[in-house]
Structures are given as C-alpha cells and as structure tokens.
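Structure first, then comments.
Each value in this text was obtained by applying a stated rule to the coordinates, not by laboratory testing. None of the values given here were measured: they were computed from a predicted structure. Neighbour counts are summed over all protein chains in view; Cβ atoms, including those assigned to glycine, are modelled from backbone coordinates with ideal geometry.
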Amino acid sequence: MGSSLISHVTGDARSKTFPAVPTLTEVVPGVVGGAWFGISAPARLPANIALRLQIEIQSIVSAPDIQVRLSELGMTPMPLVGEEFLAFIQAENRRWGPLIKAGKITVE
C-alpha cells in the first residue's frame with residue numbers, strides 16, 4: 001500500500017509550475033534527484049484496510065483544493081499504489097544505496 005508525490009524541479013522534466021527553472025540535469029548533465037513523499041503501511045495490514053486507505057488518500061490528493069496547493073508548492077501528484085509503489089521504492093534503493101554506502105551516510 002502506498003502513494004507518492006514527486007516534485008519535478010530536480011527531476012527529469014521541467015515543472016509545470018516553474019517552467020523557466022531548468023531541471024537539475026540541465027545544469028549538471030546526467031544528474032536527476034527528484035524529491036518524493038509517500039505513505040506506507042505495515043506489510044501485514046489487512047487488505048480491506050489497505051484498500052480503504054488507498055481510496056481515501058487518492059480522494060484527498062485528487063481534491064481540487066489539494067491539487068491547487070500542491071501546484072503552488074511546485075509538486076506534481078503521481079499516484080503509485082501496491083506493486084507500482086514497491087517497484088518505485090526498490091528502484092530508488094538501487095539508485096541511491098551505493099552512494100549512501102560509499103558516503104557512509106547514516107541516520108542521526
């Protein structure tokens with residue numbers, strides 16, 4: 001179960017909100033580092049509760065006032081659920097894991 005929002009100013013495409021602001025990769029070729037926010041739940045969460053949460057979160061993110069506010073913040077909703085969200089997180093782990101290990105980055 002999960003849902004995410006991705007901001008594109010540091011992503012691979014220009015932001016619709018800030019079209020004049022170049023992406024990070026335009027300034028430093030090959031570098032993409034989009035910020036994202038997600039909601040997850042315990043792995044053993046009952047399926048009916050996971051589905052209800054997905055429906056409610058999607059409803060909130062899709063609400064016109066929330067869409068306006070996200071746009072004002074330069075964020076583009078990108079709903080990912082279930083296996084899509086898991087695949088996204090796994091790809092992020094593969095992408096950033098080696099850098100985190102090489103830099104000996106730890107949580108404080």
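The table below gives the values:
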item: Total residues in region 66-99, condition farther than 16 Å from A35 by Cα and β-branched (V, I, T); result: 3
item: Positions within region 30-58 being under 27 Å from G11 (Cα atoms), in contact (Cβ under 8 Å) with a residue 24 or more places away in the chain and not small (G, A, S), in sequence order; result: W36, F37, I39, Q54, I57, Q58
item: Helices (runs of 4 or more DSSP H) wholly inside region 16-106 that include at least 3 residues being loosely packed, with under 12 Cβ neighbours inside 10 Å; result: 47-62, 64-72, 83-102
item: Any pair with Cβ under 9 angstrom, 6 or more apart, that starts in region 59-71 at a residue that is in contact (Cβ under 8 Å) with a residue 24 or more places away in the chain and ends at one that is of a type in the set (V, I, T) and part of a helix (DSSP H, G or I); result: L70/V61
